[in-house]
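Report on the structure given below.
The values are calculated or read from the model by the stated rules, or taken from the named source; none is laboratory data. This structure is a prediction, so every number in the text was calculated from the model and none was measured. In this analysis, Cβ positions are derived from the backbone assuming ideal geometry, glycine residues included, and neighbour counts consider all displayed protein chains. Keep in mind that these areas ignore ligands, DNA and RNA; they rest on the heavy atoms of the full protein, side chains included. Shrake-Rupley method; radii C 1.70, N 1.55, O 1.52, S 1.80 Å.
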Amino acid sequence: MNDSVIKCLIIGSGPAGHTAAIYAARANLSPVLYEGIEPGGQLTITTDIENFPGFPEGITGPELMARMKQQSQKFGADVRFGVVTQVDFGTRPFRVRIDDTQDLHAESVIIATGATAKYLGLESETRLRGNGVSACATCDGFFYRGRDVAVVGGGDTACEEASYLAGICNRVYLIVRKNHLRASKAMQERVFSTPNIEVLFEHNTVEVLGDEENGVTGALLRHTGGKEMTIEIAGFFLAIGHHPNTEVFSEFIDCDTEGYIVTKAGTPRTNIAGVFAAGDVKDPHYRQAISAAGSGCMAALECEKYLMLK
Ligand code: NDP
């Protein structure tokens, strides 16, 4: 085998990727980790994390990810900045292209590329992104203190974000396309019992209103019956789910209808021996830092076994 072949290539730098790197490095697999477009992953755009065991006083997302990276590097993981733009898992060693320019070869790969927030796809929403339009209430809610805002979605994330914003903002509109919430009963109760959250059932957003100078100023909504109304808001938050970052692998790796990687039940194994998946990229349900970290550990252990038996 060629010396330049990477033993264990990890793609992604969230809790799954870094936990895999820590385990792989300690197992002498000399892992190389590519950080991707968003080094540190989704936690870098959150604020306080209070449910990651070991931090009774809480820890910020960026700080937790910085510590994970530090721990990966301490054990010798080679953490590199770069984005995987193409793969060929039909050849061995696997071929992986970085930033459309550099080709690498790897004996095994752990995919931990996570998931990205979905947007509605409106032109006005794209134009005002970062200027009143956001997919992270905990990151950006602070900017709308005392103002009126809207959250789109009817799941747990939307309810959680609406509740969070209700504590900071004057009024929160929750825009729900159906006539019911999909969120858990507990979250629904929290929303319904918060006086400054107004749930607008059976409404869709036609347009986010505003301009570059003033940011978001409102939203034009349409009831399923056809009637339109305008709400005045300063912030427009999306909470309509996530999209797994799997496009680059989909030619080779089995994914479900939503694009999440399908792994063999209870394991991080994909349909290709030697390619493993960990974290949100294979998990449409739990999506927690701790569950992602756990699956990163499993992927590294499986990878070690694979390389030993190969
Ligand atoms: P979900 O997929 O559960 O909910 C997405 C929501 O967005 C749904 O109400 C959906 O409507 C709505 N939606 C989707 N597309 C559009 C659109 N184009 N226009 C308007 N509305 C739209 O995603 P979540 O992020 O809320 O949750 C994902 C998973 O994570 C769930 O399993 C959830 O339970 C879990 N989670 C758990 C938390 C906790 O336990 N504390 C916190 C956050 C998430 P519709 O219902 O009509 O499809």
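A few comments on the model shown:
- Some residue of the stretch 112-120 being aliphatic (A, V, I, L, M), touching a residue at least 12 places away in the same chain (Cβ under 8 Å) and open to solvent by 40 Å² or more (accessible area, probe 1.4 Å): yes
- Counted residues, the stretch 70-95 - those being surrounded by fewer than 14 Cβ atoms within 10 Å (Cβ to Cβ) and free of Cβ contacts under 8 Å to residues at least 24 places away in the same chain: 3
- Residue check for PHE142: open to solvent by 60 Å² or more (accessible area, probe 1.4 Å), free of Cβ contacts under 8 Å to residues at least 60 places away in the same chain and in contact with a Lys or Arg (Cβ under 8 Å, 6 or more places away or on another chain): no
- Residue that is farthest from the chain's Cα centre (by Cα), among those in the stretch 93-120 that are assigned to a strand (DSSP E or B) and of a type in the set (S, T, N, Q): GLN102
- Among the conditions (1) touching a strand residue (DSSP E or B) at 6+ places or on another chain (Cβ under 7 Å); (2) loosely packed, with under 15 Cβ neighbours inside 10 Å; (3) in contact (Cβ under 8 Å) with a residue 60 or more places away in the chain, ILE98 misses just one, which is (2).
- Answer residue from the stretch 8-61, given it is in a strand (DSSP E or B) and open to solvent by 20 Å² or more (accessible area, probe 1.4 Å) and is modelled with the lowest pLDDT among those: ASP48
- Listing of strands (runs of 3 or more DSSP E) fully contained in the stretch 207-310 that carry 2 or more residues being more than 21 Å from the chain's Cα centre (by Cα) and either crowded, with 16+ Cβ neighbours inside 10 Å or in contact (Cβ under 8 Å) with a residue 60 or more places away in the chain (or both): 215-223, 228-232
- Of all residues in the stretch 160-180, those being modelled with pLDDT under 95 and buried (at least 24 other Cβ atoms within 10 Å of the Cβ) number 1.
- Any hit, the stretch 62-69, residues being outside any helix (DSSP H, G or I) and either touching a strand residue (DSSP E or B) at 6+ places or on another chain (Cβ under 9 Å) or surrounded by 15 or more Cβ atoms within 10 Å (Cβ to Cβ) (or both): no
- For VAL5, the conditions (1) surrounded by 18 or more Cβ atoms within 10 Å (Cβ to Cβ); (2) in contact (Cβ under 8 Å) with a residue 24 or more places away in the chain are fulfilled apart from (1).
- Screening PHE236, PHE201 for residues that are aromatic (Phe, Trp, Tyr) and closer than 20 Å to GLU123 by Cβ leaves exactly one candidate, PHE236.
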